[in-house]
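Below you'll find the structure, written out as structure tokens, and then a few comments.
The values are calculated or read from the model by the stated rules, or taken from the named source; none is laboratory data. The structure presented is a predicted model; accordingly, all values stated were derived computationally and were not measured. Here the Cβ positions follow ideal geometry from the backbone for every residue, glycine too, while neighbour counts run over all protein chains shown. Areas reflect the complete protein model, heavy atoms only, side chains present, ligands, DNA and RNA absent. Shrake-Rupley method; radii C 1.70, N 1.55, O 1.52, S 1.80 Å.
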Amino acid sequence: MESLKMCAEALTQLRCRAPRVHCITNNAAAAYSANVLLAVGATPSLSLAEQEIGDFVSTADALLINIGTMDAERDRAIELALGVAQKESKPWVLDPVMVDRSAFRLKQAKRLLDVGPDVIRGNSTEIDALATAVGASGPAGLAKCTGATVVQTGVTDIVCRHGEAVTIQNGHPLMSRVTAVGCAGGALVAAFLALQHGAFSAAWEATLTLDVAGEVAGSEARGPGSLQFGLLDALSGLDVDQFAALARIQWLDQEATRTLGGLKPGDSV
Amino acid sequence: MESLKMCAEALTQLRCRAPRVHCITNNAAAAYSANVLLAVGATPSLSLAEQEIGDFVSTADALLINIGTMDAERDRAIELALGVAQKESKPWVLDPVMVDRSAFRLKQAKRLLDVGPDVIRGNSTEIDALATAVGASGPAGLAKCTGATVVQTGVTDIVCRHGEAVTIQNGHPLMSRVTAVGCAGGALVAAFLALQHGAFSAAWEATLTLDVAGEVAGSEARGPGSLQFGLLDALSGLDVDQFAALARIQWLDQEATRTLGGLKPGDSV
Amino acid sequence: MESLKMCAEALTQLRCRAPRVHCITNNAAAAYSANVLLAVGATPSLSLAEQEIGDFVSTADALLINIGTMDAERDRAIELALGVAQKESKPWVLDPVMVDRSAFRLKQAKRLLDVGPDVIRGNSTEIDALATAVGASGPAGLAKCTGATVVQTGVTDIVCRHGEAVTIQNGHPLMSRVTAVGCAGGALVAAFLALQHGAFSAAWEATLTLDVAGEVAGSEARGPGSLQFGLLDALSGLDVDQFAALARIQWLDQEATRTLGGLKPGDSV
């Protein structure tokens, strides 16, 4: 319960402080990601122009890099944005969308891993592809190998860093039937990162927030269309009572956390 | 009724098999097209990057090419995607958006016609511009001349190939008041094409599916906003009973089909 | 009341004449801007391709230039579009999105000011940055210095040109929690400009229309998601009775208008 209060408190902070989150994301996800950020009180920006991306990252509180659509302009934008983020210690999230679908994408994702994201967020296929690429296994392996916090989404979401892990069993099946919900989840992690209270806390709080809001919205939705906007409504009104009533989050002990390293995609925890 | 069962069965197949549909489409339509595909159970992808579009098309089951926004990147993406689609016999749909508004666009659409789309889908102004450009007249003329199945949307939708045609009188006026509904209709045809049961069947089934879902959503909508998400809800829940209750589809005999060649834009059938 | 009838009449004209509005806008705003235009009866187009943008602007009735995302392609598109707009006297709107966030953006916005937009629309931070850049102060100063009509959005919206101003106190707090509502507001001004009854009338009518529709939608919304689609529903159904019941618009006298020049961002009028 203490942790749920912390999560609700983080949401309150977002609404008060309206941190700026710069998103380099795919075209299909840009608008919905911006709307998710606005729904929790954050301030999104989306520019990719090489002449100004430095200014935007420099005045932002956190950065999202989502590789859902790649092109020369985004390549350059990512390079410049990460240069500034590293220099000015801005926290950032990597969302390796569909990294399993092309060799080119996997190569790029690996290069981004080398820069050191604070959080990596993907589904089990994506996390597995990335883990394999760095010679590790499962989300805990990837976390250990990269030093990042890893969020692996699925029926059960897993959030782990070296030696620590939680599982979250909230959400709704319709969430995977709306494009950009996952991508917006990465943007949400960036918003929580902007609060500067640690990557692991930011990652599980953002994940729990999205999942509980999705569960609230899903319980009233008639289909993916109403889930899409209902999720925004739910996010904007989420409070500690809803967390208390709905959250199914579990902290794993060291032993259980260690076994995450060997989890296969699709395994339940 | 037999044909309506076939259509419902195709929808069931989409939900079970989740075929991959790669969409090269315009920026304004990307998210909604992805959501329409997800609503019927298909798996969308949208990459335009020349380094990986081959991989995406190669692992996709069907391809959509929508020329709603054109640029150098899309030009190159289309060229590469069609190269793979031809080599690996992937079915594809051409949506010649606003081909009547610019000479450049018409020239590009003609070049795409030469590659041989399985289905061409447009409104009567677009189909007429394309038919005229190849020296034909109306949707049946365009179908005969290109060998493609042609879907001409309007108050009455016409789906025809050489010697065969159906008309569909479903839908709702609000559908034309929401951007990307037409573009998403092209993506939907690609999803049905992915089932590999013939271009003509795919085209009328997809058209009927969109129209009936639009009619269901339109009957409850308070305006274009609620139509937009209601259409996604309706698509995700559509069943054979709704087809049976609502479908107004008519198979034309040879004589009537032949006269389609001479239809002018706006003519009713 | 007479002016509210004029505003309702302008909306009727939009629905009857369906003017074409070409939008050069940012990726996150493209779809929603198109939907707002469709909701009031206008016909949007969004192409950025240098080979055809001239054709699109030439056959359009008004033009929007929104600098929310900038890149080389948009730079070139803007240059070509404004060339045609000037030559053919097409009215156009400038939306200097986040012009305060980067020096590059401010430089571009200043160059666009030199071409002479009919209307400039931004929030108080943006208008202030632009006014300062041309050595003026506040919306009235910017209007006087540029000859444009200026719309400054906020809790109270201000619409002014040299020697004339109105304030509008409609709208809903949720409107600023949905991405692209502001950007779509710029597109709406362009739609009203297309009616060719003067930039000042177009600017306040469009602003009042968006604000009243937002207020109608906001009163029923459960959060930003339902505001987003409810605004489209409200726009499509807006009538003179709603304007009469809700509009809080005030014409300022010369003295009050003059003081606008010295307003600081955030000042109420």
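General observations
- The residue list B:LEU37, B:LEU4, B:LEU48 contains one member that is open to solvent by 10 Å² or more (accessible area, probe 1.4 Å) and assigned to a helix (DSSP H, G or I), which is B:LEU4.
- Members of region C:173-230 that are under 17 Å from the mean Cα position of the chain (by Cα) and either among the polar types (S, T, N, Q) or assigned to a loop (DSSP other than H, G, I, E, B) (or both): C:SER176, C:VAL178, C:THR179, C:ALA180, C:ALA194, C:LEU195, C:GLN196, C:HIS197, C:GLY198, C:SER201, C:THR207, C:THR209
- Output for region A:8-27, where each listed residue is in contact with a helix residue (DSSP H, G or I) (Cβ under 6 Å, 6 or more places away or on another chain), open to solvent by 10 Å² or more (accessible area, probe 1.4 Å) and of a type in the set (A, V, I, L, M, F, W, C): A:ALA8
- Conditions (1) within 15 Å of the chain's Cα centre (by Cα); (2) in a loop (DSSP other than H, G, I, E, B); (3) within 14 Å of chain C (Cβ to nearest Cβ); number of the one not met by B:GLU126: (2)
- Enumeration of residues in region A:150-172 that are over 20 Å from A:ALA221 (Cβ atoms), out of contact with any helix residue (DSSP H, G or I) (no Cβ under 6 Å at 6 or more places or on another chain) and assigned to a loop (DSSP other than H, G, I, E, B): A:THR156, A:GLY163
- Odd one out for C:ILE67, checked against (1) away from chain B (no Cβ under 11 Å); (2) hydrophobic (A, V, I, L, M, F, W, C); (3) more than 23 Å from C:LEU142 (Cβ to Cβ): (3)
- Taking residues in region C:161-186 that are open to solvent by 60 Å² or more (accessible area, probe 1.4 Å), and partners anywhere that are outside any helix (DSSP H, G or I) and among the acidic types (Asp, Glu), the pairs with Cβ atoms closer than 8 Å and at least 6 places apart or on different chains are C:GLN169/C:ASP157.
- Flag: C:ALA77 matches the condition of being within 14 Å of chain B (Cβ to nearest Cβ), touching a residue at least 40 places away in the same chain (Cβ under 8 Å), open to solvent by less than 20 Å² (accessible area, probe 1.4 Å) and more than 30 Å from C:LEU260 (Cα to Cα).
- For region B:102-134, filtered to residues that are in contact with a Pro (Cβ under 9 Å, 6 or more places away or on another chain) and open to solvent by 40 Å² or more (accessible area, probe 1.4 Å), the residue that is farthest from C:PHE56 (Cα to Cα) is B:ASP118.
- Scanning region B:84-96 for residues that are surrounded by 24 or more Cβ atoms within 10 Å (Cβ to Cβ) and within 14 Å of chain C (Cβ to nearest Cβ) turns up at least one hit.
- Here A:THR69 does not qualify as of a type in the set (Val, Ile, Thr) and open to solvent by 50 Å² or more (accessible area, probe 1.4 Å).
- Residue in region A:10-37 that is farthest from the other protein chains (Cβ to nearest Cβ), counting only those that are over 22 Å from B:ALA29 (Cα atoms) and in contact with a Leu (Cβ under 9 Å, 6 or more places away or on another chain): A:ALA10
- Hits in region A:93-123 - residues which are closer than 17 Å to B:HIS22 by Cβ and assigned to a loop (DSSP other than H, G, I, E, B): A:VAL97, A:MET98, A:VAL99, A:ASP100, A:ARG101, A:SER102
- Where B:VAL99 falls short, out of the listed (1) open to solvent by 10 Å² or more (accessible area, probe 1.4 Å); (2) within 20 Å of C:THR59 (Cα to Cα): (1)
- Pair list, Cβ < 9 Å and 6+ apart or interchain, from region C:222-236 residues that are free of Cβ contacts under 8 Å to residues at least 12 places away in the same chain and within 7 Å of chain A (Cβ to nearest Cβ) to residues that are surrounded by fewer than 24 Cβ atoms within 10 Å (Cβ to Cβ) and assigned to a loop (DSSP other than H, G, I, E, B): C:PHE229/B:GLY223
- Positions within region A:94-108 being under 20 Å from A:GLU50 (Cα atoms) and touching a helix residue (DSSP H, G or I) at 6+ places or on another chain (Cβ under 7 Å), in sequence order: A:LEU94
- If only residues of region A:186-221 that are more than 30 Å from B:SER236 (Cβ to Cβ) and of a type in the set (S, T, N, Q) are counted, the one that is nearest to the other protein chains (Cβ to nearest Cβ) is A:GLN196.
- Residues satisfying the stated conditions in region B:60-80, i.e. modelled with pLDDT under 95 and in a loop (DSSP other than H, G, I, E, B): B:ILE67, B:GLY68, B:THR69, B:MET70, B:ASP71
- Filtering region C:237-261 to residues that are within 17 Å of C:THR207 (Cβ to Cβ) and either within 14 Å of chain A (Cβ to nearest Cβ) or without any contact (Cβ under 8 Å) to a residue 60 or more places away in the chain (or both) leaves only C:GLN242.
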